[in-house]
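Student: Below is the structure I would like to discuss, written out as structure tokens.
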Amino acid sequence: MIYRKIILPVLLLTFSTSVAFCQTEVLKGVVNSLAFYKQKKDLKYLANAKKSVDSLITNKADSADIEKMVYRVVVNSSILYIDTLNKLNQPASFFAQTTSLVDNLVSRRKAYKYQAEIDYSKRCLANVYIRKAFAYTRNSDYNNALELFTNAQKYAPNFKELKAYIAFSNNKLGNMQDAAKNYADLVNADSTKIEYVQAASNNYKLLGDTASALAIIKKGRKLLPNDKTLLLDEANIYSNRKDYRSLAPLLPALLDINSNNADIAFVAAVCYDNLNQYDKAESLYLHSIDLNSSAYDPIFNLGLLYFKESTKKQEQGNTPNNTRAAQWLEKANEISPNNKNCLQILQQVYTQAGNQDEINKVNNKLKQLTNQ
């Protein structure tokens with residue numbers, strides 16, 4: 001099976017000044033610098049904004065001023081998000097300090113008055129965490145990547161793609177159960193991508209949890225009813241389980257989509273064969289052989305089908321006709337001359353027909369194989 005590559009998108013964010021702020025004279029310099037940056041995209045204006053806001057916070061009383069602190073986190077988080085090359089020469093501790101400031105603000109009683117500004121800062125920090133995590137994934141350091149993606153989720157809990165990042169990292173670390181759960185959460189959100197459905201089901205299959213894999217695929221098919229891959233995935237599970245009654249309803253659509261696929265025609269034939277729908281089975285075995293005349297299994301199964309029909313006639317008191325059974329089983333024997341199962345069925349076919357010469361040949365061949 002071909003697995004589609006999971007693309008990890010980036011949390012999009014638009015820089016904006018805080019229009020909700022009451023622009024007091026004291027804070028005017030900060031607001032103006034942010035506005036100038038928005039217009040001109042020159043980092044010097046962010047530097048000016050930081051200088052202005054830092055000058056306003058010089059003691060404990062200033063630090064207790066929630067409005068000033070909101071301005072500080074907006075400025076600091078903007079710098080972290082925008083100045084990816086650190087051209088403003090912020091210290092190594094700048095990121096940790098800013099996350100602490102945001103966490104402190106969130107815990108304050110009046111923080112709800114500045115929810116838009118705090119949410120903006122959180123999104124900035126989430127982006128920084130994601131950017132740093134991607135740097136680790138490029139170096140295949142998935143332990144650190146997982147930690148940073150998890151930290152990002154704290155600041156952007158509604159950014160569902162983070163679950164994909166976390167699942168991706170868990171997958172790389174071999175944490176299959178955690179990866180499966182995260183992918184399953186994405187699928188169960190009622191808005192998903194085929195990549196997430198397949199990733200979740202594949203993880204469950206690797207864990208041996210076929211029931212969960214099937215449940216995820218069926219959920220995915222409800223959300224993505226036209227996806228051909230999920231139809232095949234569900235059919236494969238039923239086929240592997242030999243659950244032919246569940247497989248049969250999927251076959252018309254599966255065969256319509258894959259009309260020239262010999263393997264699928266064979267799987268469908270086996271299904272109908274086991275459901276005693278011999279006419280459909282015969283037709284599909286023949287179709288599979290037409291598409292791939294060198295494949296052993298459909299040729300052997302067709303011979304076996306004819307032998308079963310012949311045996312049934314004999315049991316009903318009719319004269320059996322082994323001609324077609326012998327024809328196809330002999331062809332299967334040509335493809336795989338040492339296959340004991342085919343030889344043993346041929347032995348029964350010749351016995352039913354009373355063909356002693358052929359019985360002797362088959363018996364000799366079976367003896368040779370037994371003595372090898």
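The values are calculated or read from the model by the stated rules, or taken from the named source; none is laboratory data. What you see is a predicted model, and the numbers here were worked out from it, not measured in a lab. Reconstructed Cβ throughout: ideal geometry from the backbone, glycine too, with neighbour counts over all protein chains shown. Accessible surface is based on the protein model in full, side chains and every heavy atom, while ligands, DNA and RNA are left aside. Shrake-Rupley method; radii C 1.70, N 1.55, O 1.52, S 1.80 Å.
Student: Quickly work out the Tyr112-to-Asp227 label distance, labels modelled 7 Å from Cα along the C-beta direction, and quote it in nm with one decimal.
Tutor: 4.0
Student: Hey, what does the equivalent ellipsoid look like for the chain, semi-axes from the Cα gyration tensor as sqrt of 5 times each eigenvalue, largest first, whole Å?
Tutor: Numbers: eigenvalues 1045, 70, 47 Å².
Each semi-axis is the square root of five times an eigenvalue, giving 72, 19, 15 Å.
Student: Continuing with this model, one more query. Would you mind classifying region 253-372 by shape? Square roots of the alpha carbon gyration tensor eigenvalues, ordered a ≥ b ≥ c; an a/c under 1.5 is rounded, otherwise it is prolate if a/b is larger than b/c and oblate if not.
Tutor: Values: a/c = 2.77, a/b = 1.46, b/c = 1.90.
It comes out oblate by the Cα gyration axes.
Student: Run down the lysines and flag those whose C-alpha is under 23 Å from the C-alpha of Lys160, throwing out any fewer than 8 positions away in its chain.
Tutor: Straight-distance partners of Lys160: Lys5, Lys122, Lys132, Lys172, Lys181, Lys193, Lys218, Lys219, Lys222.
Student: Let me ask you something else. Taking Cα atoms, how many degrees apart are the long axis of helix 323-335 and the longest axis of the chain, rounded to 10 and kept between 0 and 90?
Tutor: 60
Student: At 1.4 Å probe size, with every protein chain present, just tell me what the per residue accessible area of region 242-360 comes to in Å². Could the numbers behind the result be given before it?
Tutor: On the way: 6340 Å² over 119 residues.
Ligands and nucleic acids excluded, the figure is 53 Å² per residue.
Student: Can you compute the label reach from Asp103? Point 7 Å from Cα along the Cβ direction, backbone N cut-off under 19 Å, restricted to region 120-150.
Tutor: Flagged as within label range: 120-133, 144-150.
Student: Also, I was wondering about something else. Could you report region 32-89's accessible area per residue, 1.4 Å probe, as an integer in Å²? Before the final figure, lay out the partial values.
Tutor: On the way: 2950 Å² over 58 residues.
Heavy-atom accessible area per residue stands at 51 Å².
Student: Here's something else I'd like to know. At R0 = 45 Å, how high is the FRET efficiency between Lys313 and Leu206 if r is their beta carbon distance? Nearest 0.05 is fine. Spell out each step's value before the answer.
Tutor: Values: r = 47 Å, r/R0 = 1.05.
Computed FRET efficiency for Lys313 and Leu206 comes out at 0.45.
Student: If you roll a 1.4 Å probe over the chain with all protein chains in place, what percent of the accessible area is carbon or sulfur?
Tutor: Values: 9340 of 19750 Å².
About 47 percent, which is the carbon plus sulfur part of the accessible surface.
Student: How would you order 130-137, 148-155 from highest to lowest mean count of nearby Cβ atoms within 10 Å?
Tutor: 148-155, 130-137
Student: Let's see if you can work this out: charge +1 on each Lys and Arg Cβ, -1 on each Asp and Glu Cβ, no other charges. What is the dipole magnitude of the chain about its Cα centre, in debye to the nearest 20?
Tutor: Values: 47 positive and 35 negative charges, 323 e Å.
Taking the Cα centre of the chain as origin, the dipole is about 1540 debye.
Student: Quote the relative contact order of region 277-363 in percent (integer), defining contacts as alpha-carbon pairs under 8 Å separated by 6+ residues. Could the numbers behind the result be given before it?
Tutor: Working: 81 pairs, mean separation 20.5, N = 87.
Reported relative contact order: 24 percent.
Student: How would region 136-189 be classified by its alpha-carbon gyration tensor: rounded, prolate or oblate, with rounded meaning a/c under 1.5 and the a/b versus b/c comparison settling the rest?
Tutor: Numbers: a/c = 2.36, a/b = 1.21, b/c = 1.95.
Judged from the Cα gyration tensor, region 136-189 comes out oblate (a/c at least 1.5, b/c at or above a/b).
Student: Another question, then. Relative contact order, percent, of the chain when contacts are C-alpha pairs under 8 Å separated by at least 6 residues? Mind dumping the intermediate values first?
Tutor: On the way: 407 pairs, mean separation 27.7, N = 372.
This gives 7 percent for the chain.
Student: Under a cut-off of 20 Å between alpha-carbon atoms, report the aspartates and glutamates in cross-link reach of Lys40, not counting same-chain residues fewer than 8 places apart.
Tutor: Excluding near neighbours in sequence, the set is Asp83.
Student: Tell me which of Leu232, Gly208, Phe307 sits at the most positive position along the dipole axis of region 190-319, charges placed on C-beta atoms (Lys, Arg +1; Asp, Glu -1).
Tutor: Gly208
Student: May I pose another question? What aspartates and glutamates could a cross-link reach from Lys367, if we take a straight Cα to Cα line under 17 Å and drop same-chain neighbours fewer than 8 places away?
Tutor: Straight-distance partners of Lys367: Asp357, Glu358.
Student: Quick one: which of 113-126, 286-299 comes out on top by average Cβ neighbours within 10 Å, and what's the full order, highest first? Intermediate values should be presented prior to the final figure.
Tutor: Values: 113-126: 20.4, 286-299: 17.8.
The most tightly packed comes first, giving 113-126, 286-299.
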